[in-house]
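Here the structure comes first, spelled out in C-alpha cells, and everything after it is commentary.
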C-alpha cells in the first residue's frame, strides 16, 4: 500500500486554504494548511510534504523567501506558486528561484489538482536506464539513481525540473523535440499556451551545461530542441 502524497497549502485566506485542502483530500492525498510564511517553513521541515501550494504574497515572508528556506533543507519538495493574474514578474521570479509551476488567481480546483499531479509524477521514478546506469552523451553524463550530472567530469547542480528536462533530452539524443512534447513529458500536462516556460528552462540548462563549452543543446527554428555531442 502506497503512502498518500502530502501537500502543504500556504495562503493567508482561511477559506481558500480550507477549500483547497478539501479538494486535495478528495484526490486521496493528505493536506495541511499554513497561513504565514514562517508557519509554512516550520510545517515543511516537520511534516515533510511532497509538494507545497504557495501564495506569493504572505503577511510575514513573501513566497520567494519561503521557497528559499524550504529548499535549503528539502530541495526535493515541489512548489506550485499562486500568483495574481497580472503579476507576470512574480511568475518569472518564482520559476527562476526554483519553483516548479504556477497558477494565477482566480483559478479552478481542477487546474490546481492537474498541475500537482504533473509535479508529483516528476517525483516518481522516470522511465529510462535501469537503476545505477547512466545516460552518456559525449562528455555529458547523467546518473538518474544518484541524481548527478557531470560534463567533462565536472559536477553540475540542477534543480529537479532542470534534471527532468535534461534527462528527457538525453533519452532522445539527436532527436528534435517540440515544446509541446517537452511540456507533456516533463510537466505532464498541457500548459495551455505557456510554452515560454520550456524556453526559460532550456536557457537555464544552456547556462549550466554549455557555458564556456562547445554547445550541446540546439534550437531548431520552428521545430523545437535537440541535444547532441559537441563536435
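Couple of notes before you dig in:
- Residues considered: 18, 89, 73. Of these, the only one that is free of Cβ contacts under 8 Å to residues at least 40 places away in the same chain and closer than 22 Å to residue 201 by Cβ is 89.
- Criterion (part of a strand (DSSP E or B) and closer than 21 Å to residue 213 by Cβ) met by exactly one of 166, 135: 135
- Residue match in segment 178-187 (condition: in contact (Cβ under 8 Å) with a residue 60 or more places away in the chain and outside the structural domain of residue 119 (by TED's automatic domain parsing)): yes
- The conditions of being farther than 25 Å from residue 23 by Cα and surrounded by 15 or more Cβ atoms within 10 Å (Cβ to Cβ) are not met by residue 72.
- Matching entry among 15, 62, 50 (being under 16 Å from residue 115 (Cβ atoms) and surrounded by fewer than 22 Cβ atoms within 10 Å (Cβ to Cβ)): 50
The values are calculated or read from the model by the stated rules, or taken from the named source; none is laboratory data. Because the structure is a prediction, the values reported are computed rather than measured. FYI the Cβ positions are ideal-geometry reconstructions off the backbone, even for glycines, and counts take in every protein chain you see.
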